[in-house]
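**Student:** Got a structure here, written out as structure tokens. Questions coming.
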Amino acid sequence: MALLDDAALIQPDLVALRRRIHQHPEIGLHLPRTQAAVLEALDGLPLEITTGTGLSSVVAVLRGDRQPAGQGPTVLLRGDMDALPVVEESDEPFASTNGAMHACGHDLHVAGLVGAARLLSARRHELAGNVVLMFQPGEEGPGGALPMIAEGVLDAAGTPVDAAFGIHVTGLYDKGLFVSRPGPAWAGVNILDITVHGRGGHGSSPWMSVDPVPVAAEIVLALQSYVTRRVSVFDPVVITVGQLHAGTASNVIPDRAELTASVRTLSDASLAQLTAELPRLVQGIAAAHGCTADVVLEPEYPVTVNDAAMWDHTRSVLTGLYGPGRVVERPEPIMGAEDFSYVLQRVPGCFVQLGARPDDVPADAAPSNHSAKVRFDDAVLGEQAAALAALALTTLTKLGTTTPA
């Protein structure tokens, strides 16, 4: 329980860091102000710190004292740092005013990982292995995990990472509740871009043109019908058309209409099916109306898969720390996506959600992550830090690396 006591002592510092980052959110791969805040927060800790060359990442390596020449195994802990292009409507006193928002809680992830760094640094003498702290930009796009992997985050300690963990807050769950599952935990996401080509003309005489707009509308409906009739309910797929653009004036039939959709899958088999069948579906509808269509299905993030043994281990650690009522196994995956999936493709590990809904927000009216109105209770920061630290400590012990006292 000393870990929880120490986490409670640093809680005020973590709250201050989180709110500082929240007030000045940055988007994408280049987050100079956030990176500077992280470097300042880590200053003075016994860490080997490097920053990214192609993105504003921070990688910090903590080497345990009880290992020969730094050759013990390695655990990675990850926190993403980027915000979203959302105008904040949370009414928090520390709300952003720059047109971006930490609407997915990455500001908490940064502060929680800094807290884990502090807790683990104070326990350096207990470690017979290494801990890599991965502060990652670009999770919301265009993706920062792959560039960090390319720049060597998985080999930052000089030995390959043996296990990896991450915690993601949510405004939908009760404060302090840890939730995850073995196997596919988060969906893979792919981007479907469609351009329907017709022949423009005057809005008064559509028969003299080939109007792509109703064709695009038919494609939107056909995509929904496709999911319900061509995809197994036991391997679910979600297709959401988020963008539909056509035309410049009410009396002009445009030459083309453009659609963009997110396509979320849970298996390689369903992705292969969609890759083969969606272009045929769209192009067939377009051809039936005298149009043509360009169709591109571009994979973005793969499915996030939790190693079953690592989930059992994670659940045991968190239950021992907080009690059985605080740890829940989801019966089904989440259809949101995460680029931590790229790490878990290469390293066994586990990705966990942590409830952070404020007490004054009713469960049935809680805004979801990415909402302009979502709020997160930063009272969970110390517990998040302790959970990450405990996972690192116990995983190295489980790997048989901690020298007995």
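The values are calculated or read from the model by the stated rules, or taken from the named source; none is laboratory data. Nothing here was measured: the structure is a model prediction, and the numbers come from that model. FYI the Cβ positions are ideal-geometry reconstructions off the backbone, even for glycines, and counts take in every protein chain you see. These area figures cover heavy atoms from the full protein model, side chains too; ligands, DNA and RNA do not enter into them. Shrake-Rupley method; radii C 1.70, N 1.55, O 1.52, S 1.80 Å.
**Student:** Which one is nearest to the chain's Cα centre (by Cα) among residues in the range 57-89 that are of a type in the set (S, T, N, Q) and open to solvent by less than 10 Å² (accessible area, probe 1.4 Å)?
**Tutor:** Checking each candidate, the answer is S57.
**Student:** Also: For the range 344-366, enumerate the residues that are open to solvent by 10 Å² or more (accessible area, probe 1.4 Å) and either under 15 Å from the mean Cα position of the chain (by Cα) or free of Cβ contacts under 8 Å to residues at least 60 places away in the same chain (or both).
**Tutor:** Those that are open to solvent by 10 Å² or more (accessible area, probe 1.4 Å) and either under 15 Å from the mean Cα position of the chain (by Cα) or free of Cβ contacts under 8 Å to residues at least 60 places away in the same chain (or both): L344, Q345, Q353, D360, P362, D364, A365.
**Student:** Can you find a residue that is open to solvent by less than 30 Å² (accessible area, probe 1.4 Å), assigned to a loop (DSSP other than H, G, I, E, B) and more than 21 Å from S121 (Cβ to Cβ) anywhere in the range 10-25?
**Tutor:** Among the residues of the range 10-25, at least one is open to solvent by less than 30 Å² (accessible area, probe 1.4 Å), assigned to a loop (DSSP other than H, G, I, E, B) and more than 21 Å from S121 (Cβ to Cβ), which makes the answer yes.
**Student:** Can we say R256 is among the charged types (D, E, K, R) and buried (at least 17 other Cβ atoms within 10 Å of the Cβ)?
**Tutor:** yes
**Student:** Before we move on, is A293 under 30 Å from I194 (Cβ atoms), out of contact with any Gly (no Cβ under 7 Å at 6 or more places or on another chain) and buried (at least 20 other Cβ atoms within 10 Å of the Cβ)?
**Tutor:** Yes, satisfied.
**Student:** If E277 meets every condition in (1) part of a helix (DSSP H, G or I); (2) among the charged types (D, E, K, R); (3) open to solvent by 60 Å² or more (accessible area, probe 1.4 Å) apart from one, which number is that one?
**Tutor:** (3)
**Student:** Kindly provide the set of residues from the range 76-96 that are more than 19 Å from E338 (Cβ to Cβ) and among the hydrophobic types (A, V, I, L, M, F, W, C), ordered by number.
**Tutor:** V87, F94, A95
**Student:** Being under 30 Å from D155 (Cβ atoms) and not small (G, A, S) narrows it down to one of D339, D378, D360, so name that one.
**Tutor:** Result of the check over D339, D378, D360: D339.
**Student:** Test of understanding: among R181, R199, R229, which residue is in contact with an Asp or Glu (Cβ under 9 Å, 6 or more places away or on another chain) and open to solvent by 60 Å² or more (accessible area, probe 1.4 Å)?
**Tutor:** R199
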